[in-house]
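Take a look at the structure below.
Read-outs: derived from the displayed coordinates by stated rules, not from any lab. As the structure is a computational prediction, the values presented were derived from the model and not from experiment. Note: ideal-geometry Cβ built from the backbone for every residue, glycine included; neighbour counts use all protein chains shown.
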Amino acid sequence: MSDMKHKELPDYLGSTLTVKCEKCKEELSERELAEHGFICPRCGGYNRMPARMRLAMLCDEDTFREMNECVESENLISFPDYDEKLAAAKAKSGERDGVVCGTARICGNPVCLFVMESKFMMGSMGTVVGDKIAALFEYAAKHSLPVVGYTVSGGARMQEGMLSLWQMAKVSGAVKKHSNAGNFYLVCCTDPTTGGVTASYAMLGDVIIAEPGALVGFAGKRVIEQVTGVKLPASFQSAEFQLGNGFLDDIVPREEQRGYIGHLLAIHRK
Amino acid sequence: MNAYEKVKCTREAGRATAKDYIDAMFDGFVEFHGDRRFGDDPALIGGVATLDGKPVTVLGIEKGRDVSEHVARNFGCVSPEGYRKALRLMKQAEKFSRPVVCIVDTQGANCGIGAEERGEGAAIAENLYEMMDLHTPVLTLMVGEGSSGGALALAVADEIWMLENAYFTVVSPEACASILYKDSARAPEAAEHLKLAAQDLIEMGIIERVIAEPRDFTDPAQCKAYMEKLRDEVAGKLHALRGKKMNTLLSDRYEKYRKIGRCAPEGAMPAPKKH
Ligand SMILES: [Zn+2]
């Protein structure tokens, strides 16, 4: 286990940048958005939250210890322009790949955590994302710890070809191993959770929750519109749609998540 | 043939589809319908048969051989109830200790409104999860198209064999080209880069065997000889897999998926010793 404490948080709270709300498109300061937990103070819309801000929101202070933070993607199948895309994603996100993993406590309960990062190629899942999450579930199984995961993903990372599709099976297998040993897994789907992540570990939690309004689905909405010729409503594939169709346990507002998760961890504590 | 020529070749009429394999390789096939939850998916054929005198469960993604069959089978695009039917029959195979043979030929899971409403993602996820721990041998034959999670949902197996011109990919070359280049006409380029051909995948360790195809699937004599040879090889492999201790079978299957793209050392279980 790494001795590193929180990697230095990107200075969102001291940011002087102006950003646009992802929902109402109004301009506001990044600092103001961060102070409100990335919920727009104008329209109440949920903006995507950086992985390390989520960790700060969820974990008891100074308890997060990161695992496998140094692992980086390689261009394993020599896909054109992938090296450049990786470099750009690192610069944009401040992360080495699309997921942050580690151990922490939430409301006093020990837990293994993974949080995906939307700023890294829209949380696409390649070998690093898959392998880090699989390793986390194995670690959790070995130490009889629960896993809490936050998903955000456009799906499998096509620049890694079949190696990325493979991660769906790999992680699902690791979740199964963890589950067979009687361990608890809670997953929270955030906007957007789609494709190969939906078709694997996002839908395998003992408890599956989502953030209000989050897009959660398998096939892309535009692709379905093209194939069927039907114009789909904004509510299609929303968290509310998934709750209504029976695929979510609940929708939990961001500010209530820490308490909700802490309570369920306490109920499942071994 | 280059990668995209192979992709196109898997879409040609006259090529053997799942049903042809079931008819030619297995005896006494009895088809079972329905997922006992919602409905019956005609894109997924499942049932029991014997292979070389021994019981097996057979699952096949069938896209049909002509236009009316394509439509009736939804072009081999499986819906949630198809994956759930497959899982129901796999659990039945586990109960009766018979191996499972999956025949995969799909351009992808059903992309539609009802499929989303009934949890296409959840259905695929559940198959991956349960197949990794299915207490009976599983052999997957990739006989044509193999696109995305919809193909993987029947490809968590002890071994995956692929026809020499079949493809298995994270995303169809057309979709890849339209995302990357905003131009689906550049699919041939994308197909090359995706490394979706059998020869690429055996080098990566994704598949175990490349199967030589008959030069002409529509020639009855060639096709018969091909099917008989394949039947014998599948029977031989199932016999070998049945001979494995269950714990070994399952840990080997897990490790086959676990070891590819392994890069995160911390917390991971060490790779098991060779048996
Ligand atoms: Zn707003």
Per residue of chain A, what 222 nm ellipticity follows from adding -39500 (n - 2.57) for every DSSP H run with n ≥ 4, rounded to the nearest 500? -10000 deg cm²/dmol
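Let me make sure I get this right: for chain B, a, b and c are the square roots of the gyration tensor eigenvalues over alpha carbons, sorted descending. Under 1.5 in a/c it's rounded, otherwise prolate if a/b > b/c, else oblate. Which is it? Walk me through the numbers on the way to the answer.
On the way: a/c = 1.22, a/b = 1.08, b/c = 1.13.
Rounded, because the longest to shortest axis ratio a/c is under 1.5.
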For the range A:142-192 and the range A:202-270, distance of Cα centres in Å: 16 Å
Using only the Cα atoms of the protein assembly as shown, construct the convex hull and provide its projected area averaged over every direction, in square nanometres to one decimal. 24.2 nm²
Could you pull out every residue, at least 5 positions away or on a different chain, whose amide H is within less than 5 Å of the one on residue B:211? Hs are placed 1.01 Å off N in the peptide plane, and Pro or chain starts have none. B:162, B:163, B:164
Debye calculation, C-alpha points only, no solvent: report log10 I(q)/I(0) for the range B:127-167 at q = 0.29, 0.30 Å⁻¹, in the same order as the q values. -1.02, -1.06
A correct Karplus calculation of ³J(HN,Hα) over the range A:192-203, with 6.51 cos²θ - 1.76 cosθ + 1.60, θ = phi - 60°, whole Hz and x for Gly and Pro, returns x, 10, 9, x, x, 6, 4, 7, 8, 5, 5, 10
Going down the table (B:54/B:259; B:6/B:195; A:132/A:177; A:142/B:259), which pairs top 22 Å between alpha carbons? B:54/B:259
Taking loop as defined by DSSP and a crowding limit of 11 other beta carbons within 10 Å, which GluC sites (Glu not before Pro) in the range B:174-258 fit? none
What value does the range A:143-216 have for Rg/Rh, both radii from Cα atoms and Rh as Kirkwood defines it? 0.99
Enumerate the calculated ³J(HN,Hα) couplings along the range B:98-112 in order (Karplus 6.51 cos²θ - 1.76 cosθ + 1.60, θ = phi - 60°), each rounded to whole Hz, writing x wherever the residue is Gly or Pro. 10, x, 10, 10, 10, 10, 10, 7, 8, 7, x, 5, 4, 9, x
At a Cα cut-off below 14 Å, give the aspartates and glutamates reachable from residue B:95, other chains included and same-chain residues fewer than 8 away excluded. B:130, B:133
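Any chance you could list the semi-axes, whole Å, largest first, of the equivalent ellipsoid that the Cα gyration tensor gives for the range B:1-100, using √(5λ)? Don't jump to the answer; show the numbers that get you there.
Values: eigenvalues 124, 62, 29 Å².
Each semi-axis is √(5λ); the values are 25, 18, 12 Å.
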Span from the the range B:118-178 Cα centroid across to the the range B:224-242 one, whole angstrom: 21 Å
Taking trypsin sites (Lys or Arg not before Pro) as exposed when DSSP calls them loop (any state but H, G, I, E, B) and at most 10 other Cβ atoms lie within 10 Å, what is the longest stretch of chain B free of them, the sites themselves excluded? B:1-181
List the lysines whose Cα lies under 18 Å from the Cα of residue B:19, skipping any in the same chain that are fewer than 8 positions away. B:63, B:85, B:224, B:229
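Multiplying the sequence separation of residue B:66 and residue B:245 by 0.36 nm and subtracting their Cα-Cα distance, what value in nm do you get? It would help to have the intermediate numbers written out before the result.
Details: separation 179, 0.36 × 179 = 64.44 nm, distance 4.36 nm.
Contour length minus the Cα-Cα distance gives 60.1 nm.
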Mind listing the Cα extents of chain A along all three principal axes, in Å, largest one first? 48, 41, 41
With a cut-off of 13 Å, note down the residues of the range B:150-180 whose backbone N falls inside the zone around a label point 7 Å from the Cα of residue B:12 toward its beta carbon. B:165-166
Please work out whether the range B:175-275 counts as rounded, prolate or oblate from its C-alpha gyration tensor, where a ≥ b ≥ c are the square roots of the eigenvalues and a/c under 1.5 means rounded, while otherwise a/b larger than b/c means prolate and anything else oblate? oblate
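Loop only per DSSP, at most 12 neighbouring Cβ atoms within 10 Å: give me the GluC sites (Glu not before Pro) in the range A:40-78, ordered by residue number.
Numbers: sites: A:61, A:66, A:69, A:72, A:74; in loops: A:61, A:69, A:72, A:74.
Taking the range A:40-78 and a limit of 12 other Cβ atoms within 10 Å, the loop GluC sites (Glu not before Pro) found are A:61, A:72.
Quick one: work out the % antiparallel among DSSP beta bridges in the protein assembly as shown, nearest 5.
45 percent
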